[in-house]
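In what follows, a structure is listed as C-alpha cells, so that the remarks can point back to it.
The values are calculated or read from the model by the stated rules, or taken from the named source; none is laboratory data. Values in this document were obtained by computation on a predicted structure and should not be read as measured data. Ideal geometry is used to build each Cβ from the backbone, glycine not excepted, and the neighbour counts take in all protein chains shown.
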Amino acid sequence: MDFIICDRIHKECSLLETYIRIYYGNRDVQIRCCKDWQELSKQIRERNADAVIIAQNGTEGLDIITGLKLTSGKIIWFSDLDFAVQAYRLCIPHFSMKPITLEKMKFVLDHL
C-alpha cells in the first residue's frame with residue numbers, strides 16, 4: 001500500500017504514520033507526508049497513491065479536496081470541524097472528526 005498524508009501538524013502526521021504501520025504490521029507500506037495542497041499535488045503527479053489521508057484543520061481540508069479534485073485512489077478525511085455532509089456530497093468514502101485514534105484508523109483501513 002502507498003499512502004500520502006497531508007497534515008500541517010507534524011505530530012499528527014507522525015501519529016497517523018504509526019497507526020498505519022501498526023495496522024499493516026510487517027507488510028510493505030509506503031508513506032509520504034506533505035503539509036499543504038501544493039506539496040500534495042506535486043506528490044500525486046510524481047506517483048499516485050492507493051490512499052490519500054487529508055487531516056487538515058478548519059476549511060483547509062475541504063479546500064484541498066475540492067481544489068485538487070482527487071479522483072484516483074481512496075480518500076480518507078479527518079477534520080476538527082464536522083464536514084460529514086460535505087464529505088457525503090463530494091463522495092468521500094471515509095470522513096471522521098478529530099481526534100484521530102487507533103480505533104478510528106483501524107476502522108477506516110478495514111474498509112479500504
| request: Would you check which residues across region 7-52 are more than 21 Å from residue 105 (Cα to Cα) and surrounded by 15 or more Cβ atoms within 10 Å (Cβ to Cβ) and list them? | output: 37, 41, 43, 44
| With respect to the numbered conditions (1) of a type outside the set (Lys, Arg); (2) crowded, with 19+ Cβ neighbours inside 10 Å; (3) at pLDDT 95 or above; (4) over 18 Å from residue 112 (Cα atoms), which one is the sole condition not fulfilled by residue 99? | (2)
| Residue list for region 1-26, filter: of a type in the set (Gly, Ala, Ser) and either in a loop (DSSP other than H, G, I, E, B) or in contact with a helix residue (DSSP H, G or I) (Cβ under 8 Å, 6 or more places away or on another chain) (or both) | 25
| request: Would you point out which residue out of 33, 91 is within 15 Å of residue 7 (Cα to Cα) and either out of contact with any Gly (no Cβ under 6 Å at 6 or more places or on another chain) or modelled with pLDDT of 95 or more (or both)? | output: 33
| query | Out of all the residues in region 31-47, is one or more out of contact with any helix residue (DSSP H, G or I) (no Cβ under 9 Å at 6 or more places or on another chain) and touching a residue at least 40 places away in the same chain (Cβ under 8 Å)? | reply | yes
| Of the residues that make up region 84-94, is at least one surrounded by 17 or more Cβ atoms within 10 Å (Cβ to Cβ), more than 13 Å from the chain's Cα centre (by Cα), at negative phi and of a type outside the set (A, V, I, L, M)? | yes
| task | Inspect all residues belonging to region 15-30 and state whether any of them is within 12 Å of the chain's Cα centre (by Cα) and modelled with pLDDT under 95. | result | no
| said: For a quick check of your reading of the model, give me the residue pairs whose first member lies in region 65-93 and is more than 17 Å from residue 111 (Cβ to Cβ), whose second is modelled with pLDDT under 90 and of a type in the set (S, T, N, Q), with beta-carbon atoms closer than 6 Å and at least 6 apart or on different chains. | reply: 72/48
| message | Which condition from (1) touching a strand residue (DSSP E or B) at 6+ places or on another chain (Cβ under 6 Å); (2) over 18 Å from residue 8 (Cα atoms); (3) surrounded by 21 or more Cβ atoms within 10 Å (Cβ to Cβ) is the one that residue 55 breaks? | response | (2)
